[in-house]
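Below you'll find the structure, written out as structure tokens, and then a few comments.
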Amino acid sequence: MTGHIIANLLIHSLKISQAKMFAKGPAALFLSKIGDKWISHEQAEFTHFNQLLVNNGESIPTTIDQFKQFTMLEEDGSTKYQPGDTQLFTLVKDFDTQTLFITKAISLAQKENWQELAVNLTTLLAWIKEQIALTQRFLGHDLRAGLYNEEDDDF
């Protein structure tokens, strides 16, 4: 499960970089202020989780093919032509997707009594939720507007 998280962090940081370069309007200003912080944080987490897993004898994705296989974030080169707010909301939905994997990984780490991993994942989860809330407010959305809802799976 943590392999998915690692891949998602890498791909998401690339998507943030793309949005920083191509978003226009208020979203461009927002990303100019916060985008580098997001990238820096996600890359630091990427490095930290890789090292944590390797130190514990776990395998990690290390090739482009593996990152493509493990990520659950969708990529589309045409996203850069979308309005800035749309690009920004795509990043929010990616944050939300990451929470699904992180929440599951926390449960698995606790079940395996791997407290160090559970604590680190919990910290990452809290940071991501903070970024979702910040960005949803900026976009003028309710906190969960347009994001994953378990009730939608019932159909």
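The values are calculated or read from the model by the stated rules, or taken from the named source; none is laboratory data. Note that this is a predicted model, so its numbers are computed, not measured. Virtual Cβ from ideal backbone geometry, glycine too; neighbours counted across all protein chains shown. Heavy atoms of the whole protein, side chains included, go into the accessibility calculation; ligands, DNA and RNA do not. Shrake-Rupley method; radii C 1.70, N 1.55, O 1.52, S 1.80 Å.
If you take the charge dipole of region 1-139 about its Cα centre, with +1 on Lys and Arg Cβ and -1 on Asp and Glu Cβ, which of G25, G3, N50 is farthest toward its positive end?
The Cα lying farthest towards the positive end belongs to G25.
What percentage of the solvent-accessible surface of region 1-139, computed with a 1.4 Å probe over protein heavy atoms, is contributed by carbon and sulfur atoms?
Carbon and sulfur: 54 percent of the exposed surface of region 1-139.
Give the residues of region 1-29 whose amide nitrogen is closer than 20 Å to a point set 7 Å from the Cα of Y148 in the direction of its Cβ.
Once the point is set 7 Å along Cα→Cβ of Y148, 1-16 turn out to lie under 20 Å by backbone N, inside region 1-29.
Could you pull out every one of the lysines with an alpha carbon less than 26 Å from that of K24, ignoring same-chain neighbours closer than 8 positions?
Correct list for K24: K15, K33, K37, K80, K93, K129.
Quick one: plug the Kirkwood hydrodynamic radius of region 72-137 (C-alpha pairs) into Stokes-Einstein at 20 °C, 1.002 mPa s, and report D in µm²/s.
Translational diffusion coefficient: 163 µm²/s.
Determine, for each peptide in 113-125, 4-16, 49-61, the mean count of other beta carbons within 10 angstrom over its residues, then list the peptides with the highest first.
Ranking, from highest mean packing down: 4-16, 113-125, 49-61.
Just the accessible area per residue of region 77-155, please: how many Å² with a 1.4 Å probe? Let's see the in-between values first.
Working: 4630 Å² over 79 residues.
That works out to 59 Å² per residue.
For region 52-100, take N as its residue count and report Rg(C-alpha) divided by 2.2 N^0.38 Å.
1.51
Whole number please: convex hull volume per residue, Cα atoms of region 1-102, in Å³.
Numbers: hull volume 8.5 nm³, N = 102.
Taking only Cα atoms, region 1-102 has a hull volume of 83 Å³ per residue.
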